[in-house]
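Below you'll find the structure, written out as structure tokens, and then a few comments.
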Amino acid sequence: MTKRDPSHLLPLPPAAFHILVSLADTDRHGYSVMQEVADRTGGAVKLQAGTLYATLKRLLADGLIRELDERPGDDQDGRRRYYRLTPFGRDTVQAEAGRLAELVRQARASGLLIGRRT
């Protein structure tokens with residue numbers, strides 16, 4: 001099996017990037033993704049339900065995440081759907097992070113970020 005190249009999916013839409021980052025360290029259900037993104041960005045990014053679920057649907061179709069059949073032992077709410085980052089999803093979000101880091105490097109080199117930490 002050949003390894004898929006994530007470059008054809010780049011650049012990722014901001015919502016997709018935030019969702020994939022939120023799934024990098026743990027499996028989450030939709031509302032938990034929304035909370036984690038808002039917390040991580042200090043409230044600067046607040047995913048609306050429509051954006052979240054449309055983006056999750058696209059990420060599933062592209063093979064970047066998968067829906068889990070199992071639930072954490074303490075979650076008895078059968079309505080919640082849990083999602084996990086796939087290896088291809090991890091490769092893709094890492095490629096996007098690298099792409100963004102290169103853009104920031106170029107902005108710094110041009111003097112646009114003098115005195116600013118990012």
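The values are calculated or read from the model by the stated rules, or taken from the named source; none is laboratory data. This structure is a prediction, so every number in the text was calculated from the model and none was measured. Glycine also receives a Cβ, built like all others from the backbone with ideal geometry; neighbour counts cover every protein chain displayed. To get the accessible areas, we keep the full protein, side chains included, count just its heavy atoms, and leave off ligands, DNA and RNA. Shrake-Rupley method; radii C 1.70, N 1.55, O 1.52, S 1.80 Å.
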Using Cα atoms only, what is the angle between the long axis of helix 30-40 and the major principal axis of the chain, expressed in degrees (0 to 90) to the nearest 10? 30 degrees
Once the Cα atoms of helix 87-109 and of the chain are each reduced to a long axis, what angle between those two axes, in degrees from 0 to 90 to the nearest 10, is obtained? 20 degrees
Pick the calculated Rg and Dmax of the Cα atoms in Å for this structure from (1) 18.3, 55; (2) 16.0, 53; (3) 13.2, 36? (2)
How do 2-14, 24-36 rank on mean C-beta neighbours within 10 Å, highest first? 24-36, 2-14
Of all the accessible heavy-atom surface of the chain, with the other protein chains kept in place and a 1.4 Å probe, what percent is carbon and sulfur? 52 percent
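So with the 1.4 Å probe, I'd like the accessible area per residue for the chain, rounded to whole Å².
Counting only protein heavy atoms, the per-residue value for the chain is 65 Å².
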Roughly how tilted is helix 49-61, in degrees to the nearest 10 and between 0 and 90, from the longest Cα axis of the chain? 90 degrees
Pull up all non-local amide H partners of residue 81: gap of 5 or more, or a different chain, and H-to-H distance under 5 Å with H placed in the peptide plane. 30
The chain: most fluctuating residue of 45, 21, 93 per GNM, C-alpha cutoff 10 Å: 45
Near the amide H of residue 65, under 5 Å away, which other amide H atoms are found, from residues 5 or more places off or on another chain, if H is placed in the peptide plane? 60, 86
Determine the sum of side-chain charges near residue 8: Lys and Arg each +1, Asp and Glu each -1, restricted to other residues whose C-beta is under 15 angstrom from that of residue 8. 0
